[in-house]
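Following: one structure in structure tokens, then a few remarks.
Derivation of every value follows stated rules applied to the coordinates shown; laboratory data play no part. Model, not experiment: these values are computed from the prediction. Don't worry about glycine lacking a Cβ; one is built from the backbone with ideal geometry, like all the others, and counts go over all protein chains shown.
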Amino acid sequence: MDDVKIGEILLPGDEAKQERQEKTVLKKFWPTMKKAIRHVPFSRDVVAAFYCATDRNTPLRVRGILLAALGYFVMPIDAIPDMLAFVGFTDDIAVLTTALALINGHIKDEHYEAADLALADKVEADY
């Protein structure tokens with residue numbers, strides 16, 4: 001996946017676009033994460049990014065970048081179909097990795113703590 005395409009995906013957009021992306025992410029994040037958790041080597045960071053993106057104290061530009069990346073992650077149509085196991089998530093991983101690098105430092109301990117609790121709950125629910 002080339003840098004130009006990733007750059008286009010990660011444009012934060014205006015507030016209206018961010019609101020639409022947030023609704024989509026809130027609705028589809030956990031079902032998608034449940035399918036991807038074994039294929040995304042940094043699932044904790046992705047879940048922490050979800051909490052950072054939905055935190056109203058996070059700067060608007062950072063929220064926009066994260067919502068764009070998470071929106072790409074949860075959308076069923078992307079460059080490589082996610083149903084192809086790990087290969088299907090490689091484009092999602094590239095977008096998420098780039099987003100995490102761009103907003104480095106904005107994901108706070110409280111976002112990681114929420115991610116740890118959520119992941120523990122999800123793992124327990126599966127067993």
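Summary table
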{"item": "Karplus-derived 3J(HN,Hα), 6.51/-1.76/1.60, for each residue of region 63-69, Hz, glycine and proline x", "result": "4, x, 4, 5, 5, 5, 5"}
{"item": "Vicinal HN-Hα couplings computed from phi for region 111-121 (Karplus, 6.51 cos²θ - 1.76 cosθ + 1.60; Hz; Gly/Pro x)", "result": "5, 5, 5, 5, 5, 4, 5, 5, 5, 4, 5"}
{"item": "Paramagnetic reach from GLU113 (point 7 Å along Cα→Cβ, amide N under 20 Å) across region 52-66", "result": "52-59"}
{"item": "Gain in span if fully extended, ALA101 to ASP121, counting 0.36 nm per residue against the direct Cα distance", "result": "4.5 nm"}
{"item": "Nearby lysines by direct alpha-carbon distance to LYS27 (threshold 20 angstrom, same-chain neighbours under 8 apart not counted)", "result": "LYS17, LYS35, LYS122"}
{"item": "From phi via Karplus (6.51, -1.76, 1.60), per-residue ³J(HN,Hα) for region 96-102 in Hz, x at Gly/Pro", "result": "5, 4, 5, 4, 4, 5, 5"}
